[in-house]
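Novice: This structure is in structure tokens; I'll ask about it shortly.
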Amino acid sequence: MGIIGTIIIGLIVGLIARFLKPGNDSMGWIMTILLGIGGSLLATYGGQALGFYEAGEGAGFIGAVIGAIVLLVIYGMVTRDKD
């Protein structure tokens with residue numbers, strides 16, 4: 001899959017992750033795409049480290065969404081206002 005395909009899948013995964021995680025997440029399209037791509041990478045390499053996947057095997061769509069939700073939670077904790 002080329003870079004355009006990766007960006008489109010990242011956008012879809014990021015949007016689904018933002019929809020599934022409760023709360024207000026105010027971020028733009030670029031951050032949503034990066035979150036989705038990062039979720040895919042997290043799920044793929046995390047799954048390989050835990051023995052769920054083998055090298056060269058993609059995590060799959062559900063794994064990518066779960067990885068993106070994890071990154072969304074971490075992003076929310078890092079960017080939370082310190083009032």
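Novice: Averaging over all projection directions, find the projected area of the Cα convex hull of region 3-79 and quote it in nm² with one decimal place.
Specialist: 5.1
Novice: In nanometres, what is the gap between the two model label sites at Phe19 and Ala49, each 7 Å from Cα along Cα-to-Cβ?
Specialist: 2.9
Values in this text are rule-based calculations from the coordinates and carry no lab data. Worth saying up front: this structure is predicted, and the values here are computed from it rather than measured. Quick reminder, even Gly has a Cβ in these numbers, built from the backbone with ideal geometry, and neighbours come from all protein chains shown.
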